[in-house]
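The values are calculated or read from the model by the stated rules, or taken from the named source; none is laboratory data. None of these values were measured; they are calculated from a predicted model. With ideal geometry, Cβ positions are generated from the backbone for all residues, glycine too; neighbour counts draw on all protein chains shown.
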Amino acid sequence: MSEEVILQVKEISRAFGGIKAANKVSLELARGEILGIIGPNGSGKTTLINLITGFIKKDSGSVFFKNRNITKLPPHRIADLGIARTFQVMRPYHSLPAYRNLIVPLYSPRVKRASGGKLGDRDAVAIDLLEEIGFERDAYVPYKLASSLPLGYLKRLELARCLALRPEVVLCDEVFSGLSMAEIATMVPIVEKLQMNGITIMMIEHRLRELFQLANRVIVMNFGEKIAEGIPEAVMADKKVREAYLGTEVT
Ligand code: ADP
Ligand code: MG
């Protein structure tokens, strides 16, 4: 992990009606780190990703990527700079084979620039990428229709769609949720490998045990506010955090 701050969020806020979904949230991502975001349902975790990536408007606050102010950029421009996100509710192209779902990012201007126009056969690139992320090529899984894939593969496909963009930062919204213990166990080394390849990761996760295996640092959200930040052990020992999780399982 380097000392370089790759993404800086300064006091971003957003209210929906009377609800402060994000209330002056600030955070920094160091290049190469895995930052975990946890907090009860409705605490503003997804809103945070939506605000950073321009999917919803900020009432106030700012976001910097590599010291460049990206506060007002639209989602496609932010993605083009190299910040990719997964969606908690996935919307794959159901009627297309899994690998064809990666065609949109593979034809993006960012990938064209990165490959100097020499990406070659996009289908082959897509299938290679899916194989890396656990789609068994021998069993023709990359060729199966997205509509026929079980959740575990759809979550991988969602992550692969981000990776196809050759991002520097990936913001993951609950990529482990709904997966079996065995499926998560196969996802953990995939996320580790992304980090080893230099990708900076922010991951919202409910599965604390698995998240804490991966995260260098954790931020805890509650009612739209950041209530704690630090290494997992210290954060979970915090009184405010334990109160926020009262009645829910803290592993
Ligand atoms: P989390 O991801 O932590 O479960 P969210 O960020 O999805 O929480 O939501 C935070 C709060 O903002 C919730 O009270 C939610 O109902 C509200 N909220 C989020 N998005 C919208 C929206 N588009 N319109 C109205 N309220 C919203
Ligand atoms: Mg959410």
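For the range 148-199, name all the residues that are within 16 Å of ligand 1 (Cβ to nearest atom) and at positive phi.
If the condition is that a residue be within 16 Å of ligand 1 (Cβ to nearest atom) and at positive phi, then GLU174, GLY178 are the ones that fit.
Can you run down the residue pairs with Cβ atoms below 8 Å, 6 or more apart or on separate chains, where the first is in the range 80-94 and touching a residue at least 24 places away in the same chain (Cβ under 8 Å) and the partner is hydroxyl-bearing (Ser, Thr, Tyr) and within 16 Å of ligand 2 (Cβ to nearest atom)?
ILE83/THR53; ARG85/THR53; GLN88/THR46; GLN88/SER177
Take the conditions touching a Gly at 6+ places or on another chain (Cβ under 6 Å), surrounded by fewer than 16 Cβ atoms within 10 Å (Cβ to Cβ) and modelled with pLDDT under 95 and apply them to LEU119. Does it pass?
When the stated conditions are applied, LEU119 does not pass them.
State which residue is surrounded by the most Cβ atoms within 10 Å (Cβ to Cβ) when the search covers only the range 16-25 and only residues that are in contact with a Gly (Cβ under 8 Å, 6 or more places away or on another chain) and either assigned to a loop (DSSP other than H, G, I, E, B) or of a type outside the set (A, V, I, L, M) (or both). Even if it seems obvious, please write down each step before you answer.
In the first step, residues of the range 16-25 are kept if they are in contact with a Gly (Cβ under 8 Å, 6 or more places away or on another chain); the result is 19-25.
When the remaining residues are screened for being either assigned to a loop (DSSP other than H, G, I, E, B) or of a type outside the set (A, V, I, L, M) (or both), the result is 20, 23-24.
Details: LYS20: 17, ASN23: 19, LYS24: 14.
Across the range 16-25, the extreme among qualifying residues is ASN23.
Being assigned to a helix (DSSP H, G or I) and either of a type in the set (Phe, Trp, Tyr) or free of Cβ contacts under 8 Å to residues at least 12 places away in the same chain (or both) is the filter here, so list the residues in the range 142-159 that pass it.
Of everything in the range 142-159, those that are assigned to a helix (DSSP H, G or I) and either of a type in the set (Phe, Trp, Tyr) or free of Cβ contacts under 8 Å to residues at least 12 places away in the same chain (or both) turn out to be TYR143, SER148, TYR153.
Somewhere in the range 117-133, is a residue over 20 Å from THR186 (Cβ atoms) and in contact (Cβ under 8 Å) with a residue 40 or more places away in the chain?
No, the range 117-133 contains no residue that is over 20 Å from THR186 (Cβ atoms) and in contact (Cβ under 8 Å) with a residue 40 or more places away in the chain.
Any residue at all in the range 42-56 that is closer than 17 Å to LYS226 by Cα and more than 11 Å from ligand 2 (Cβ to nearest atom)?
yes
In the range 37-49, is there at least one residue being outside any loop (DSSP other than H, G, I, E, B), in contact with a helix residue (DSSP H, G or I) (Cβ under 8 Å, 6 or more places away or on another chain) and surrounded by 15 or more Cβ atoms within 10 Å (Cβ to Cβ)?
Yes, there is a match, as at least one residue in the range 37-49 is outside any loop (DSSP other than H, G, I, E, B), in contact with a helix residue (DSSP H, G or I) (Cβ under 8 Å, 6 or more places away or on another chain) and surrounded by 15 or more Cβ atoms within 10 Å (Cβ to Cβ).
Take ASN50 and tell me if it is among the polar types (S, T, N, Q) and in contact (Cβ under 8 Å) with a residue 40 or more places away in the chain.
No; evaluated as a whole, the condition is false for this residue.
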